[in-house]
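The block underneath contains the structure these notes are about, expressed in C-alpha cells.
The values are calculated or read from the model by the stated rules, or taken from the named source; none is laboratory data. Not measured: the values here are computed from a predicted model. Because the Cβ atoms are built from the backbone with ideal geometry, glycine has one as well, and the counts that use them run over all protein chains shown.
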C-alpha cells in the first residue's frame, strides 16, 4: 500500500492501513515510518479539531435552543395567564358594578323576572278585584238610588193624599 492510502478513509481505516504498512519486528512490536505516523497524526488532529468545532457549534445551538425554549415557556405562561383572565372575563358578567358568574347572573335575572311577574299578577288581581267591587258598588248605589226615588215618590203620593184628605176634611167642616 502507498502512503496515499493512509490519507484516505476514516480514522479507523487509516490506522488499519498504517498497521498494514508497518513492519513487524517482534510479535508485539511494529516499526512505523515517521512520515506515515505524521500523516495519521495530522489527520487525527484535523478530525479532533473538526469535532471540537462541531461540539462548540452544537453547544452554541443547544444554548440558543435552550434560550429559545425558555422564552417560549415564558411566552406560554404569559399566554396562559392571559387566557385565564379572558376566561374569567367571559365567564363573568358585570351587573350594577358587581361581577357575577354567568350562572349566578342568570339566576339573579330569572329571580327578578319571577318577582316582577308575581308583582304584575298581584297588581292585576288587585285591579280586577277593585274593578269588580266598583261595579258592584255602582250597582248597589243605583239600586239604592232607585229605591230612594221610589220612596220619595210614595212619600209624595202619601203626602198628596194626606193633603187631599186634609182639604176634604176642611171642606166638610166648612160646608
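Residue by residue, here is whether (1) closer than 30 Å to residue 10 by Cβ; (2) assigned by TED's automatic domain parsing to the domain that holds residue 10 holds:
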| position | (1), (2) |
| --- | --- |
| 57 | yes, yes |
| 67 | no, yes |
| 78 | no, yes |
| 101 | no, no |
| 105 | no, no |
| 134 | no, no |
For segment 23-55, name all the residues that are free of Cβ contacts under 8 Å to residues at least 12 places away in the same chain, in contact with a strand residue (DSSP E or B) (Cβ under 9 Å, 6 or more places away or on another chain) and under 26 Å from residue 10 (Cα atoms).
-> 23, 24, 30, 31
Is it the case that segment 109-121 has a residue that's more than 30 Å from residue 11 (Cα to Cα), modelled with pLDDT under 90 and exposed (fewer than 11 other Cβ atoms within 10 Å of the Cβ)?
-> no
All-but-one check, residue 19 against (1) outside any loop (DSSP other than H, G, I, E, B); (2) at pLDDT below 90; (3) surrounded by fewer than 11 Cβ atoms within 10 Å (Cβ to Cβ), failing number (3)
Pick out the one residue from 37, 45, 96 that is exposed (fewer than 10 other Cβ atoms within 10 Å of the Cβ), modelled with pLDDT under 90 and more than 16 Å from the chain's Cα centre (by Cα).
-> 96
